[in-house]
């Protein structure tokens, strides 16, 4: 299945440096959500690509009820529907710690943490590429992103719960353990 990350779509737009990318960049730097009309159109354009025809995993979308309803309408028009929504529950202090210590490889996008790299990450342990921290992962921006999340995204939990599509997963613990929980929640095997 295709992995479609709204954040990746936004970062790609920013890298292109076109008009859309400049708009997206301004929102990302403030830690606020990119407006629905931009987000929805970017995701729907990506869903229309051939690589999405065998199924998709959406990451970071939808983020609010308007986006969820737009997604439902678009999928319904294709006689498709959201099958399962995974809510990975993590307490706020842990979210802030994880996001504000995350570094990514410019080459392969592999994630690294400050702790794992002895406090000074510089090169990717996977491919040797340069590591960087995204502007939207600074502690101040992370706090703002979480504030927006709790205001705008939390209602989606009830929305998908009412539809019988929500699977809640405990997100604290080792990566392999959380991965097993997620795989179990979707009824598959790793």
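Derivation of every value follows stated rules applied to the coordinates shown; laboratory data play no part. As the structure is a prediction and not an experimental result, all values here were calculated from the model. Cβ placement follows ideal geometry from the backbone for every residue including glycine, while neighbour counts extend to all protein chains displayed.
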Answer rounded, prolate or oblate for the stretch 31-105, using the Cα gyration tensor with square roots of eigenvalues a ≥ b ≥ c: rounded when a/c is under 1.5, else prolate when a/b is larger than b/c, else oblate. prolate
Choice from 160, 132, 87 showing the highest fluctuation, given a GNM over the chain with Cα pairs closer than 10 Å: 132
Taking the Cβ of each residue in 177, 4, 182 as the centre, tally the other Cβ atoms inside 10 Å and list the residues starting with the fewest. 177, 182, 4
Efficiency by 1/(1 + (r/R0)^6): what FRET value for residue 41 and residue 174, r their Cβ-Cβ distance, R0 = 45 Å, to the nearest 0.05? 0.75
Based only on other Cβ atoms within 10 Å, what is the fewest-to-most ordering of 150, 10, 61? 150, 61, 10
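Let me know the shape class of the stretch 120-169, please: from the alpha-carbon gyration tensor, a ≥ b ≥ c as square roots of the eigenvalues, rounded when a/c is under 1.5, otherwise prolate if a/b is greater than b/c, or oblate.
Working: a/c = 5.19, a/b = 1.97, b/c = 2.64.
Oblate, since a/c reaches 1.5 and b/c is not below a/b.
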If you average the C-alpha positions of the stretch 38-62 and of the stretch 154-190 separately, how far apart do those two centres end up, in angstrom? 20 Å
With the 8 Å Cα cutoff and a minimum separation of six or more residues, the chain has a relative contact order in percent of 23 percent
Rounded, prolate or oblate (a/c below 1.5 giving rounded, otherwise prolate when a/b exceeds b/c) for the stretch 62-107 by Cα gyration tensor: prolate
So how much slack lies between residue 84 and residue 5, counting 0.36 nm per residue of separation and subtracting their Cα-Cα distance, in nm? 26.8 nm
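Where both partners of a DSSP beta bridge lie in the chain, what percent of those bridges are antiparallel, to the nearest 5? Before the final figure, lay out each step's value.
Values: 6 of 15 bridges.
Beta bridges within the chain, antiparallel portion: roughly 40 percent.
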For semi-axes √(5λ) of the Cα gyration tensor in Å, with candidates (1) 31, 17, 14; (2) 26, 21, 18; (3) 26, 18, 16, the value calculated from the shown model is option (2)
